[in-house]
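This report refers to the structure that appears directly beneath it.
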Amino acid sequence: MSDQSTPTADHSTFYTPSAEVMSRARVQNWEALKAESDADPMGFWAARANELGWYQKWDTVLDDSNKPFFKWFVGGKTNIVHNAIDRHQSTHRKNKLAYIWEGEDGSQRFVSFAELNTEVSKFANVLKSLGVKKGDRVTIYMGRVVELPIAMLACAKLGAIHSVVYGGFSTEALKGRILDSQSTVLITCDGANVSGKRIELKAICDGAIDAESPIKTMVVYKRTGHDVPMVEGRDFWWHDLMKNASPKCETEVMDAEDPMFILYTSGSTGKPKALVHTHGGYSVYTYTTFRYVFDIQDEDRYWCAADPGWITGHSYIVYAPLMNGATSIIYEGGPSYPAPDRWWNIVAKYGVTILYTAPTAIRGLMRFGADWPAKHDLSSLRLLGSVGEPINPEAWRWFYENIGGSRCPIMDTWWQTETGGFMITPMPVVPLKPGSGTRPFFTLKAEIVDENGEAVAPETEGYLTILGPWPGMARTIYGDSARYAQTYWSRFPGRYFTGDSARMDKDGYYWIIGRVDDVLKVSGYRFGTAEIESALVSHPAVAEAAVIGLPHEVRGNAIYGYVLLRQGHNDSPELREELRAHVAKLVGPIAKPEKVTIVDRLPKTRSGKIMRRLLKAREQGLPEGDISTLEE
Ligand code: WT7
């Protein structure tokens, strides 16, 4: 059943964190707190929620009367910005750095919590002046600049719902997400600097707005400074609007269950789906998981090298670090620009203590060899983190030894856009096994089941499910609650279905194997095969297309496309190249297929379903397996 390569798992060797790491950890007795929290989840979450500020406390921790539409902290009034920014203004953290930013060109910015408050308040006033109100959707499509979190926080402050579209996506992806969310305002940059190249963000936005677009206003932050056409009456420069904006803005009082943001992710159909996260439960969950897993302390310098445009960035670059009053690093550019030690240079320069990244990045940097990190003093590091896909033991060990100096435990955090925060994750005192996310977070219970929803024995592969709700869970799919219930809660009634396969070993450690739906993880990015297929089919030469993922050394998976041409079109290397470029242009450069093959027919079942499994076996030269359902 598994779709992806399985790391050669060593289920017996434990890596025990050093005495130094263990002695300073916030959670000392993991086993005891796990048992206690599992026995009283509501008590645990109420206590965590009490660590945050509320305009009004909740009446009920959990309302589960309308499953699977759970409500948390019902009756509570808050705003995530109250906890992320406002509360710090009356403490020593006011003058502490919230963000240290480094541009790819080496420029730097240091933004304190007080300055962040000013910028966010000003931009919230700008949005207000553009007519943005509580509940309105705002699409944000920017490079990795500090203004990206500022724009997100400004929306949240007003109670507007942000929809960040990752800056690596292209026109079609952006257009679909704008339409679905019915955003009236789009915030972007003129361009972004990545790996020595300029990404034409403004031009992509222009391409995504047509006559049917709900976008009325575009705000453009000047980053690259190159000439971009501005449409009179529609497009405005960020700096022009900010010039006279007042630095005073009240934070909107929100219901705990009010939507805070939506974030699109790929599923099994081509239509984008936006997961809805809230002000209350999401705050409590991300604040808590970050605090315990990365053991954040005031003197830390924390760097999550992901993009703020993904859930990792929303939860663990923007909201959780700010709620914890942490100092974060944001780096604009590519990891090996201008040389393969750019990241190690940043770690040494700013004294980074916690580095959170993805296996694909580690494998990419590993290729350049250990001499590059060895040139830098990385002794400030005390914890490492990994997310996005299973980490193969080779990459784990390289990261552990060459970056962490064999001192720093790796927090391999398994979670999803849908879960809001870490679900299966170590903590600094938990003994590690390379490639395993260890065990479920406090109050959570995971179970691996077979087709019929029966729990399977240890060491047996099955479907990963989560029992019971948690505060950070997505509440629904924006505009489509039936799809939410169907996708996540119907396959195994009463349980949340993750879409992943996994196995649990005899020590109760979980090993994620990969997606079992039509979702591909490429360099940690999530794509639906349907999304890529519809991009291929939109090319005039293509009649039909099928897409699969195959193992790739650096990217985890690579995309392979198979297309059937329309009459009058013939196979040629140029056409295949054109089709690859077409996908990159419509969806984004990371979605560019590794290879496109022109075929005479696609293997289908008698009911017309493409047998991707068969394409996969053929491409890899493996046995074809059961082909009794194949038409012909
Ligand atoms: C899928 C979710 C959560 C932030 C980034 C990804 C895979 C994620 C791990 C991990 C093995 C992982 C799963 C999951 N995944 N983290 N530590 N070990 N697999 O969010 O784009 O929503 O993707 O990423 O397959 O279902 P996402």
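The values are calculated or read from the model by the stated rules, or taken from the named source; none is laboratory data. Everything numeric here is computed off the predicted structure, so don't read it as measured data. Don't worry about glycine lacking a Cβ; one is built from the backbone with ideal geometry, like all the others, and counts go over all protein chains shown. The protein model used for the area step is the full one, side chains on, heavy atoms only, and it has no ligands, DNA or RNA in it. Shrake-Rupley method; radii C 1.70, N 1.55, O 1.52, S 1.80 Å.
Among residues of the range 415-437 that are more than 10 Å from the ligand (Cβ to nearest atom), those with a Cβ under 6 angstrom from a residue that is at pLDDT below 95 and not in a loop (DSSP other than H, G, I, E, B), sequence gap 6+ or separate chain, pair up as Pro428/Val21; Val429/Met22; Leu432/Tyr15; Pro434/Pro393.
Does Thr224 satisfy the criteria of being farther than 25 Å from Phe261 by Cβ, touching a strand residue (DSSP E or B) at 6+ places or on another chain (Cβ under 8 Å) and in contact (Cβ under 8 Å) with a residue 24 or more places away in the chain? Yes: the conditions hold for Thr224.
Just a yes or no: is a residue in the range 491-498 at pLDDT 95 or above, among the aromatic types (Phe, Trp, Tyr) and touching a helix residue (DSSP H, G or I) at 6+ places or on another chain (Cβ under 8 Å)? Full working, then the answer.
Filtering the range 491-498 down to residues at pLDDT 95 or above leaves 491-492, 495-498.
Right, trim to among the aromatic types (Phe, Trp, Tyr) and you get 492, 496-497.
Now drop any that are not touching a helix residue (DSSP H, G or I) at 6+ places or on another chain (Cβ under 8 Å), which leaves 496-497.
Within the range 491-498 (the criterion being at pLDDT 95 or above, among the aromatic types (Phe, Trp, Tyr) and touching a helix residue (DSSP H, G or I) at 6+ places or on another chain (Cβ under 8 Å)), the answer is yes, since at least one residue qualifies.
Being more than 30 Å from Ile209 (Cα to Cα), charged (D, E, K, R), in contact (Cβ under 8 Å) with a residue 40 or more places away in the chain and loosely packed, with under 14 Cβ neighbours inside 10 Å: is that true of Glu553 here? Please lay out each step first, then the result.
On the way: more than 30 Å from Ile209 (Cα to Cα): yes; charged (D, E, K, R): yes; in contact (Cβ under 8 Å) with a residue 40 or more places away in the chain: yes; loosely packed, with under 14 Cβ neighbours inside 10 Å: yes.
It is true that Glu553 is more than 30 Å from Ile209 (Cα to Cα), charged (D, E, K, R), in contact (Cβ under 8 Å) with a residue 40 or more places away in the chain and loosely packed, with under 14 Cβ neighbours inside 10 Å.
Quick one: would you say Glu531 is at pLDDT 95 or above and among the acidic types (Asp, Glu)? Answer is no for this residue.
Looking at the range 163-210, the strands (runs of 3 or more DSSP E) lying wholly inside it that each contain 1 or more residues that are open to solvent by less than 10 Å² (accessible area, probe 1.4 Å) and free of Cβ contacts under 8 Å to residues at least 60 places away in the same chain sit at 185-189.
Residue count for the range 438-447 under the criterion of being open to solvent by 30 Å² or more (accessible area, probe 1.4 Å) and either without any contact (Cβ under 8 Å) to a residue 12 or more places away in the chain or not in a strand (DSSP E or B) (or both): the result is 1.
If you go through the range 500-509 and keep only what is among the small types (Gly, Ala, Ser) and touching a residue at least 60 places away in the same chain (Cβ under 8 Å), you end up with Ser501, Gly508.
How many residues are of a type in the set (S, T, N, Q) and more than 16 Å from the ligand (Cβ to nearest atom) if we restrict to the range 376-392?
Taking the range 376-392 and keeping what is of a type in the set (S, T, N, Q), we get 379-380, 386, 392.
From what is left, the residues that are more than 16 Å from the ligand (Cβ to nearest atom) are 379-380.
Going through the range 376-392 one residue at a time, the tally reaches 2.
For Phe399, the conditions (1) of a type in the set (A, V, I, L, M, F, W, C); (2) buried (at least 19 other Cβ atoms within 10 Å of the Cβ); (3) away from the ligand (no atom under 15 Å from the Cβ); (4) closer than 30 Å to Gly549 by Cα are fulfilled apart from (3). Scanning the range 349-386 for residues that are over 17 Å from Trp396 (Cβ atoms), part of a helix (DSSP H, G or I) and open to solvent by 40 Å² or more (accessible area, probe 1.4 Å) returns Lys349, Asp371, Trp372, Ala374. At pLDDT 95 or above and more than 16 Å from the ligand (Cβ to nearest atom): is that true of Asp480 in this structure? Yes; evaluated as a whole, the condition is true for this residue. Note on the range 296-316: residues that are within 12 Å of the ligand (Cβ to nearest atom) and either of a type in the set (Phe, Trp, Tyr) or in a loop (DSSP other than H, G, I, E, B) (or both) total 5. Taking the criterion of being touching a Ser or Thr at 6+ places or on another chain (Cβ under 9 Å), open to solvent by less than 40 Å² (accessible area, probe 1.4 Å) and not small (Gly, Ala, Ser), the residues of the range 448-482 that qualify are Ile448, Val449, Tyr463, Leu464, Thr465, Ile466, Trp470, Pro471, Met473, Arg475, Ile477.
Considering each residue of the range 491-518, count those that are more than 13 Å from the ligand (Cβ to nearest atom) and open to solvent by 30 Å² or more (accessible area, probe 1.4 Å), and give that number. I'd like the intermediate steps shown before the answer.
Start the filter on the range 491-518 by keeping residues that are more than 13 Å from the ligand (Cβ to nearest atom), which leaves 491-495, 504-508.
Right, trim to open to solvent by 30 Å² or more (accessible area, probe 1.4 Å) and you get 491, 493-495, 504, 506-507.
Residues meeting the conditions: 7.
All of (1) of a type in the set (Lys, Arg); (2) within 16 Å of the ligand (Cβ to nearest atom); (3) in contact with a Lys or Arg (Cβ under 8 Å, 6 or more places away or on another chain) hold for Arg407 with one exception: (2). Applying the condition of being open to solvent by less than 10 Å² (accessible area, probe 1.4 Å) and of a type in the set (D, E, K, R) to the range 290-305 and asking which residue is farthest from the chain's Cα centre (by Cα) yields Asp300.
Just to check your reading of the model, which residue among Thr251, Thr224, Thr265 is in contact with a Pro (Cβ under 9 Å, 6 or more places away or on another chain) and either open to solvent by less than 20 Å² (accessible area, probe 1.4 Å) or not hydrophobic (A, V, I, L, M, F, W, C) (or both)? Residue meeting the stated conditions: Thr265. Against the conditions (1) out of contact with any strand residue (DSSP E or B) (no Cβ under 6 Å at 6 or more places or on another chain); (2) buried (at least 20 other Cβ atoms within 10 Å of the Cβ), where does Phe113 fall short? Just the number, please. Here Phe113 meets the rest and fails (1).
The set of residues in the range 519-533 being buried (at least 20 other Cβ atoms within 10 Å of the Cβ) and either farther than 29 Å from Met411 by Cβ or more than 16 Å from the ligand (Cβ to nearest atom) (or both) consists of Thr529, Glu531, Ile532, Glu533.
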